[in-house]
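Bear in mind these aren't lab numbers, they're just calculated from the coordinates by the rules spelled out. The structure presented is a predicted model; accordingly, all values stated were derived computationally and were not measured. Here the Cβ positions follow ideal geometry from the backbone for every residue, glycine too, while neighbour counts run over all protein chains shown.
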Amino acid sequence: MQHEPTDIAIVGVGQSDFRSLYAASDRPRDAFALAAGALREAIEDCGIDKDEIDGLLTCRIPYDRLATVAGLPHPRFVHDLEGTGRMSGIALQEAVALISSGMADVVACVYGNNGRSAKVKYGGDGGGPTAAYDEMYGMTSPGAYVALMYQRYRGMYGAGEDALAPLAINNRRHAALNPVAVLQKEFTREEYLNSRYIAEPLRLLDYCLINDGAVAFIVTSMERARSLRKPPVRVAATAGMGHVTNYYTAEDFFYSASQDVASRLYEQSGITPEEVDCLQIYDNFTPTILFTLEGFNHAPRGEAWQWVDEEKIRHDGPRPLNTAGGHTSESYMQGWAHHVESVRQLRGEAGARQVPGCSTVQYMCASPIVTSHILTNDGAVAR
Amino acid sequence: MSTQSTQSRAESYEALLPEITPENQPYWDGLAESELRLQNCDACGEYRFPDSEVCPRCLSGSFTWRAVSGRGRLWSWIRMHQRYLSAFDDVRPYLVAYIKLDEGPPIISTLVEAPDDLAFDLPVRAVFEPGFSERTILKFAVERPEDSE
């Protein structure tokens, strides 16, 4: 059956206990078992029958093995998404497209990552067409390409040595309120400044961590959602645009693509940036948050580093940001866990880090494919 | 430093270098002759890097390798502290630069004799030097006023 794109909802979410999985493992964990566990939680969360799942989108793990492990032998639509962070937003977009077109009615989006126990290295191998040309200068790892952007950004706009500290501190403070977050020990601005450089000007505390875990969410029509266990989280709008070049470095910090996405997103949803109650921003490295805030009109261009006051962005402040602890402190699930946190905030399930009166959440990812969604709890959509 | 460790560094560095192929041979030949050569599209004039069969602007498969000015601007730079590649063990932290060539393409490289007071958009020019092995690789130097005519 076909549905309006704005009548699609996330109905169930599940994820691993990232904290317990961070304990050392002497052999690689099974990413498929982790993924099946997250899927089981998502199914229990919404109370849907597993056999109703007729679309399967997987990320970082091939669909056929997961379909076997999780007993989903007859999906009507499948797609493997590559294991990059930009794909988490795309997974939800594809689910929306499938359900609105009638290609599938209930789509499970599943991500599995055993990167820590399998000792995956993010620098020193792989990469695009220039990787071999870059490595002869010692250039490698996504963080280094983001560091190039941030070096220029801070030179253009005058951001000081501690400009990223509020973002790293904010993530950690929220992680301390999140029982499954991997890193919960809070630190001060001085401790931030004493942390070692990785790719200067970026420090260790600006970097995402690497951990094992899985995330799943289940998407269906609002119509089907109404008879499920939990209040549906409506996808009020979603949009994307590429900024694909030879390098992860975008010379405009993904600004033009973000602006394009933002204008369509705010128009489709009828929601303005000021009306968003909670910001969930893809934060592979802390400068990405600044680029995103500016690209999506939450902060004036060139001023996000001044906008991100520590009191402003905490869960009980006026502009709550990355309330689960983000990639630097909760878990590096490549944007997937940010989706789970969005749903939990909208349902009032976020415990000690709950944003009071949260009815609108925006997910944003500034990367070579820029994506953003506005998610609302039912009834909150401006009509 | 012992001869042995110098040798192993050269070997680990050699392993990082792009393989020379029929497609990229003109690039390496140019560097050996102290020239930066790039593919130039015969149909639309677009320069591109690294080597590619088709022009990303007009999709033409017809191109000519041409020497370019070697001039550009320092778009940005970082100092790499993390140990990712053992070939760089003796020089960490080391500088990596993102250069915008005057002809258009951006390119990752490094600066020789980098001044302490770097600033973005400083003019730079290509220099041709060995890396930690025999092969000539492309590096850049910040232009000083007396360098230009």
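Summing charges over neighbours of A:L321, with a neighbour being any other residue whose Cβ is under 14 Å away from its Cβ, gives -3 when K and R count +1 and D and E count -1. Among A:D54, A:D17, A:D26, the residue with the largest mean-square fluctuation in a Gaussian network model of chain A, with springs joining Cα atoms closer than 10 Å, is A:D26. Compared with the dominant Cα axis of chain A, that is its longest principal axis, helix A:336-347 is turned about 70°. Peptide A:167-179 has a mean of 0 when you count, residue by residue, the C-beta atoms of other protein chains within 10 Å of its C-beta. Could you list the residues of the range A:204-220 with an amide nitrogen less than 13 Å from a label point located 7 Å from the Cα of A:S25 in the Cα-to-C-beta direction? Only A:211-215 fall inside the zone, counting backbone N under 13 Å. For A:V233, neighbours were defined as the other residues whose beta-carbon sits under 9 Å from its Cβ, and their charges (Lys and Arg +1, Asp and Glu -1) total +2.
Projecting label points 7 angstrom from Cα along Cα→Cβ for A:E311 and A:K50 puts them 5.1 nm apart. Measuring r between the beta carbons of B:Q25 and A:L204 and using R0 = 41 Å, the FRET efficiency lands at 0.50. In chain B, the longest principal axis of the Cα atoms and the axis of helix B:3-16 are about 30 degrees apart.
With the convex hull of its Cα atoms as the shape, the protein assembly as shown has an orientation-averaged projected area of 26.7 nm².
GNM on chain B, alpha-carbon springs under 10 angstrom: the most fluctuating residue among B:A32, B:A114, B:A67 is B:A114. Residues A:H243, B:H81, A:H74, arranged from fewest to most other Cβ atoms within 10 angstrom of their Cβ, appear as A:H74, B:H81, A:H243.
Extending 7 Å from the Cα toward the beta-carbon at both A:A97 and A:D17 defines two label points whose distance is 3.8 nm.
When both the range A:206-252 and the range A:305-383 are represented by their alpha-carbon centers, they are found 11 Å apart.
Of the GluC sites (Glu not before Pro) found in the range A:170-206, those in coil by DSSP whose Cβ has at most 15 other Cβ atoms within 10 Å are A:E186.
Per-residue 3J(HN,Hα) values for the range B:116-130, derived from phi via the Karplus relation 6.51 cos²θ - 1.76 cosθ + 1.60 with θ = phi - 60°, read 5, 9, 5, 9, 6, 6, 4, x, 10, 9, 5, 10, 10, 9, x Hz in sequence order (x marks Gly and Pro). Listed by Cβ neighbour count within 10 Å, with the fewest neighbours leading, A:H298, A:H339 appear as A:H298, A:H339.
A simple count of charges around A:G112, restricted to other residues whose Cβ falls under 11 Å of its Cβ and scoring Lys, Arg +1 and Asp, Glu -1, yields +1. Rounded to the nearest 10 degrees, the angle from helix A:165-175 to the longest Cα principal axis of chain A is 40 degrees. When the charge dipole of the range A:314-378 is built from unit charges on Cβ atoms (+1 for Lys and Arg, -1 for Asp and Glu) and taken about the Cα centre, the candidate among A:P320, A:N377, A:H338 whose Cα reaches farthest toward its positive end is A:P320. Here the spin labels are modelled as points 7 Å beyond Cα on the Cα-Cβ line, and at A:D252 and A:N194 they lie 4.3 nm apart. With Cα atoms defining each centre, the range A:128-181 and the range A:51-89 are spaced 31 Å apart in the structure. Going from the residue with the fewest nearby Cβ atoms within 10 Å to the one with the most, B:T110, B:T136 rank B:T136, B:T110. Peptide A:192-199 is shielded by partner chain Cβ atoms: per residue, an average of 3 of them sit within 10 Å of its Cβ.
For the peptide A:243-255, the mean number of other protein chain Cβ atoms found within 10 angstrom of a residue's Cβ is 2. Can you give the helix-only mean residue ellipticity at 222 nm for the protein assembly as shown, where every DSSP H stretch with n ≥ 4 adds -39500 (n - 2.57) and the sum goes over all residues, rounded to the nearest 500 deg cm²/dmol? Computed mean residue ellipticity for the protein assembly as shown: -8000 deg cm²/dmol. When both bridge partners sit in the protein assembly as shown, DSSP labels roughly 80% of those beta bridges antiparallel. Shape class for chain B, computed from the alpha carbon gyration tensor (a ≥ b ≥ c): oblate, with a/c not under 1.5 and a/b at or below b/c. On the beta carbon distance between B:W65 and A:E223, with R0 = 56 Å, the FRET formula returns roughly 0.40.
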